1. From Asp82, Asp42, Asp12, grab the single residue that is surrounded by 16 or more Cβ atoms within 10 Å (Cβ to Cβ), modelled with pLDDT under 95 and either charged (D, E, K, R) or within 30 Å of Arg166 (Cα to Cα) (or both).
2. When only residues in region 114-138 that are farther than 21 Å from Tyr73 by Cα and either surrounded by 10 or more Cβ atoms within 10 Å (Cβ to Cβ) or in contact (Cβ under 8 Å) with a residue 40 or more places away in the chain (or both) count, which is farthest from the chain's Cα centre (by Cα)?
3. List pairs: first residue in region 56-74 and within 18 Å of Asn16 (Cβ to Cβ) and among the β-branched types (Val, Ile, Thr), second residue modelled with pLDDT of 90 or more and in a helix (DSSP H, G or I) anywhere in the structure, Cβ distance under 8 angstrom, at least six positions apart or on different chains.
4. From the residues in region 23-39 that are out of contact with any Pro (no Cβ under 9 Å at 6 or more places or on another chain) and farther than 15 Å from Phe59 by Cβ, which one is surrounded by the fewest Cβ atoms within 10 Å (Cβ to Cβ)?
Amino acid sequence: MGILSNFFVSIDQLGNVLAGGNPDNTISSRVGYYTEEYYSADKIPLKWRLFRNLINFTFYPIDGEGHCKEAYYNDAGEEFDDKTSDFAIAILAIIIIPSCIIIAILLYTLYLFKIVSPKQINRSENIKNRLRIAEAKLRGVLTELNSYSVKIDEELDDILDDTEERVQEIAEKINGVLNLNQRLEKYKLNKRKHNDNGKV
């Protein structure tokens, strides 16, 4: 990320703090959390859907579809506030609506003149980066567990169970991808052998 991008992210995070959010989250990732994770798809309150739709529309010219969802994916390991108060929602609305109007005018003007275009997301790179971050965090947890005695209470027990389930799900997905790659390689090898035999 360049200096300018970092500056705008920090302004975004400041806006999120003013609306009672975590300083490590952007407004977009907070909205993404409520619309992708906190509520089931059929129970998302109107206010969060409006915020999501407005922000997604605003940033479409540079980010393409699903800006808030992608922002949440990028911040998924962070802490998010639960049950944002009505006062915080009002502050979010005061920040989001005017900002989006100004940013949308700028971005859609640039889009119209083909100066900017929606980016193509490289899922493989995203997954690699997120797995690197997750692995580093888990390594840190392992180091701490090996260095200090930890009192197991009900909350930690639940977290350990959830973590174990998540790791197992990810391991199954990775194994599935690896097996698929192996099958594709075998298929290509057999096809090459078949073609070579046909040429003889």
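The values are calculated or read from the model by the stated rules, or taken from the named source; none is laboratory data. Quick caveat, the model's predicted, so the values are computed rather than measured. Quick reminder, even Gly has a Cβ in these numbers, built from the backbone with ideal geometry, and neighbours come from all protein chains shown.
1. Values: Asp82 fails: surrounded by 16 or more Cβ atoms within 10 Å (Cβ to Cβ); Asp42 fails: surrounded by 16 or more Cβ atoms within 10 Å (Cβ to Cβ).
Criteria check complete, one pass: Asp12.
2. Taking region 114-138 first, the residues farther than 21 Å from Tyr73 by Cα are 114-117.
When the remaining residues are screened for being either surrounded by 10 or more Cβ atoms within 10 Å (Cβ to Cβ) or in contact (Cβ under 8 Å) with a residue 40 or more places away in the chain (or both), the result is 115-117.
Numbers: Ile115: 26, Val116: 22, Ser117: 21 Å.
Checking each candidate, the answer is Ile115.
3. That search, which allows pairs on different chains as well, returns Thr58/His67; Thr58/Cys100; Thr58/Ile103; Thr58/Ala104; Thr58/Leu107.
4. Of all residues in region 23-39, those out of contact with any Pro (no Cβ under 9 Å at 6 or more places or on another chain) come to 23-33, 35-38.
Imposing the further condition that a residue be farther than 15 Å from Phe59 by Cβ reduces the set to 23-25, 33, 36-38.
Working: Pro23: 10, Asp24: 14, Asn25: 24, Tyr33: 25, Glu36: 20, Glu37: 12, Tyr38: 19.
If we take residues in region 23-39 being out of contact with any Pro (no Cβ under 9 Å at 6 or more places or on another chain) and farther than 15 Å from Phe59 by Cβ, then Pro23 is surrounded by the fewest Cβ atoms within 10 Å (Cβ to Cβ).
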